[in-house]
Protein chains: 2
Amino acid sequence: MASMDEPLFPTAPDADALENGAVLAPRFDGAGLIAAVLQHAATGEVMMLGWMNAEALRRTLDEGEVWFFSRSRNALWRKGDTSGQIQRVVEILVDCDQDVVLVKVDPQGDGGVCHTGHRACFYRVLKDGRLVERP
Amino acid sequence: MASMDEPLFPTAPDADALENGAVLAPRFDGAGLIAAVLQHAATGEVMMLGWMNAEALRRTLDEGEVWFFSRSRNALWRKGDTSGQIQRVVEILVDCDQDVVLVKVDPQGDGGVCHTGHRACFYRVLKDGRLVERP
C-alpha cells in the first residue's frame, strides 16, 4: 500500500535519465514547486505561467484539468473553480531537465485564463519602452 | 547621473499600475530573478524557460538579444555565446502581475535553443504515463 509519505513522483538517478529517459521525474524547486506554462492547444498562444506542487501536478495528470498551487494563498486549487475557466489538458510536455512543464490546454468557460478579464495574461507588449495593450 | 545602486527598473506603486499601467515594472523574486518564456516568433513553438535578473532583462531590452542569469553558474550570460544559438528578440510581453516575461524570438545559429541538440527543450510528451520523444 502507498504510504502518505511516499513521493508522488520518482527522482531521476542521473542527468541521462533526466534528459533522455521515459520516466517522468519532475524536479521541484526548494519550495516544492515546478513552473507550468499553459499554451492554448488550438491557437498556440501562451496563456499564463503558474506553479504546481507535486499534488497539483499529480491531479492535473490524473484528472485532465489544470491544478495549481497558490503561493499567496498557500493552497492547492483547480484553475477555474471560481471563474469557470477550467483548463482541459490536451497534452503535457516536459523540458530537458524536467523543471518546467508545458501544458497545452483547451480553455473552458469564456475561453480565457486571466483574472483581469483578458483572454491571456500576456496582454501587454513593449513598444518603445512602454507597455501597450494588444487586442 | 545614475548611481550604480539605482535600480534598473521601477517598482509599481500599486496593483492597478502593475496590471494596467504602461510602465514596465518587473517583479523579481526573492533571488532577484524573473521567469522568461521563449517562444518562436514564427512558429509559436514554446522553446524554453530561462531566468533573468534585472541586468539580464535590461541587456535583453537594450541589445535585442536574449541574456539570462544562470542559477547554477551564478553568472550573467548571453544565450548562444558558446552554442551560436543567439536568440534575437522580436517582441517582449509581460504578464498581468509582471512576474513573467514572454519573449518572442528568432533563433539564430542552427535555429534551436536546447543544449541537448533538440530544437526546443520541450521534446518529450507524456503518453500513457511515459515520456515519448516527439519529432
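Peptide A:123-129 is shielded by partner chain Cβ atoms: per residue, an average of 6 of them sit within 10 Å of its Cβ.
Taking the Cα centre of the protein assembly as shown as reference, the dipole from Cβ charges on Lys and Arg (+1) and Asp and Glu (-1) amounts to some 320 debye.
Considering only chain A, the C-beta nearest to the rotation axis that sends A to B is found at A:Gly44, 2, the distance in whole Å. The overall shape of segment A:1-106 is oblate: from the C-alpha gyration tensor, with semi-axes ordered a ≥ b ≥ c, the ratio a/c is 1.5 or greater and a/b is no larger than b/c.
Toward the positive end of the charge dipole of segment A:1-129, with +1 on the Cβ of Lys and Arg and -1 on the Cβ of Asp and Glu, the farthest Cα among A:Ser70, A:Gly80, A:Gly117 is that of A:Gly117. If the chain linking A:Thr11 and A:Asp29 were pulled fully straight, counting 0.36 nm for each residue of separation and taking away their Cα-Cα distance, it would gain 5.2 nm.
Between B:Ser70 and A:Asn20, what's the calculated FRET efficiency when r is the beta-carbon distance and R0 is 25 Å? Round to 0.05.
Calculated value: 0.70.
Counting from the shortest, the label point at A:Gly117, 7 Å from Cα toward Cβ, is 5.2 nm from the same position in each remaining copy.
A helix-only calculation puts the protein assembly as shown at -3000 deg cm²/dmol for mean residue ellipticity at 222 nm, using -39500 (n - 2.57) for each DSSP H run of at least four residues, averaged over all residues. Binning all Cα-Cα separations of the protein assembly as shown at 10 Å, short to long from zero, yields these whole-percent fractions: 6, 29, 37, 22, 5, 0, 0.
In nanometers and ordered shortest first, the copy-to-copy spacing of the B:Pro13 label point, defined 7 Å from Cα toward Cβ, is 6.0.
Between amide H atoms placed 1.01 Å from N, distances below 5 Å from B:Gln39 occur with B:Met47, B:Val103, B:Lys104, B:Val105, all of them 5 or more places distant or on a separate chain. Measure out, as a whole number of angstrom, how far apart the alpha-carbon centroids of segment A:26-92 and segment A:105-126 sit. Result: 14 Å between the Cα centres. Counting Cβ atoms of other protein chains within 10 Å of each residue's Cβ and taking the mean over peptide A:88-99 gives 5.
Taking 7 Å steps out from each Cα toward its Cβ at B:Lys127 and A:Glu55 produces label points 3.3 nm apart.
Taking a straight Cα-Cα cut-off under 24 Å and skipping sequence neighbours fewer than 8 places away in the same chain, the lysines within cross-link reach of B:Lys79 are A:Lys127, B:Lys104. Which distances in nm, rounded to one decimal and ordered from shortest, link the label point of A:Asp81 to the equivalent label points in the other identical copies, with labels set 7 Å from Cα toward Cβ? So the distances to the same position in the other copies read 4.4 nm. Note on A:66-78: average number of Cβ atoms from other chains within 10 Å of each residue's Cβ is 0. For chain A, the dipole from Cβ point charges (+1 on Lys and Arg, -1 on Asp and Glu) about the Cα centre works out to 780 debye, to the nearest 20.
Values in this text are rule-based calculations from the coordinates and carry no lab data. Fair warning: this is a prediction, and the values are worked out from it, not measured in the lab. FYI the Cβ positions are ideal-geometry reconstructions off the backbone, even for glycines, and counts take in every protein chain you see.
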